[in-house]
Every structure is written in structure tokens, then in C-alpha cells.
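Colleague: Let me begin by handing over the structure; questions about it come next.
The values are calculated or read from the model by the stated rules, or taken from the named source; none is laboratory data. Given the structure is predicted, the values throughout are model-derived calculations rather than measurements. Quick reminder, even Gly has a Cβ in these numbers, built from the backbone with ideal geometry, and neighbours come from all protein chains shown.
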Amino acid sequence: MHLWSPLNDRQLALLARIREGSDPVTSDSPELALTARALKERRLITMPKQSGKWQAEITDAGRFYLEHGHHPDRPEPVPRKQRSTGSEQRTRTAPPAQRQAPASSTTAPAPQRTAKPSRPSPVEVGAGTPSSALQTPDQAPSEHPRAQNVLAWAMVRLSAAFCTTGAVLSLTGYEAPGGALITAGTGALGGGISARK
């Protein structure tokens, strides 16, 4: 957080209370200590100790903040650039020879933008899909091609997790459970991977 970051409501109220001085903020009120330290870190107050207890005192920066609504060390905000139109962007990116072309006395009409082709709705996509590719309510997920693909990848991920966990267990002295997990992980892939012993 920067020195000049805005204060929250609690910090602002405590800073005003410290400036007024009618109700001093001291180590006797521990519920305010965290907020007071945040103000101290921003150099808005000091917390000098006397006899082992601190009391908050406002600094010049704290007075400035209360008067102006921002920290005196805050950098000046940079003005935002206006977004240019498409024709201005083309002029800016054009080669120098084209930019210096003399302006004609008559202005040409702005080119019309072509509309993007609309995307088909899911209903239209479903209507164009062969009925054999669509899942029907009475069809089990395992019978659907997309579901089969998802299930296959889930098995690969599960097998990888088993093998990784098994390898870690084997390397940390738990060889029997580690070997069992590696065997289970390779078996889930249908024997496509063999465990090394």
C-alpha cells in the first residue's frame, strides 16, 4: 500500500479525532492500535512513548490530508488519454508520406463498417446436428461420444494422480502402498503403461 492510498472510513475518523485532541488516542485503547499504526506508517501521525505508553499526535501531513482529502506526497494524477476513433488510429499508424498528404477541399464520407455475421443460437446448432450425435434422455452418458471422451481423460488424470502419489510414497519409505497405487494407476489405463520394478 502506498503512502498516498486513500484512507478508509475508520482511519479517516481516527485521524480527525487525533486532530481534535479532545479524546486522546493512547495505548489504553488497544482496539485503535492497528488503525493508529496504519496512520503512522503513512506518516500522518506519530506515536511517541512516555513512561511505556504511546499517545497519537497528528503530523503536518495528517493535517494536510484532512484539509485536502489526499496525502501531500501523492503524485499528480496523469490525465487519461481519450480513445481515438478508427480513422484517427489509421492516421497515426500510417507511414509518414501518407500522413503529410494535402487535404482535399471536399471531405469523403466515412467508410461504412460491415456488421459481423451473427452466430447461430444453440437451438439452431442443435437443429443442424445429426440426431445420432445428440444425447437423448434415455441414453447413458457412457454411450455418448463426448461423454466417453471426457471419461477417458478423467481416467488419465486419475491414473496420473495414482502413479504420482505412489511414486512419492515409494520414495519416502512406504514401498508397499506406493507400489499398489502405481499398479492401480497403470491398471486404470488398461495396461497401456507398465510399472517398473
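Colleague: Quick check on my filter: what residues within the range 34-60 are small (G, A, S) and buried (at least 16 other Cβ atoms within 10 Å of the Cβ)?
Modeller: Within the range 34-60, A36, A38, A56 qualify.
Colleague: Could I ask something else about it? Suppose we keep only residues that are among the small types (G, A, S) and within 20 Å of A184 (Cα to Cα) within the range 147-161. Which one would you say is modelled with the lowest pLDDT?
Modeller: The qualifying residue modelled with the lowest pLDDT is A152.
Colleague: Restricting to the range 6-33, give me the number of residues that are surrounded by fewer than 12 Cβ atoms within 10 Å (Cβ to Cβ) and touching a Lys or Arg at 6+ places or on another chain (Cβ under 9 Å).
Modeller: 2
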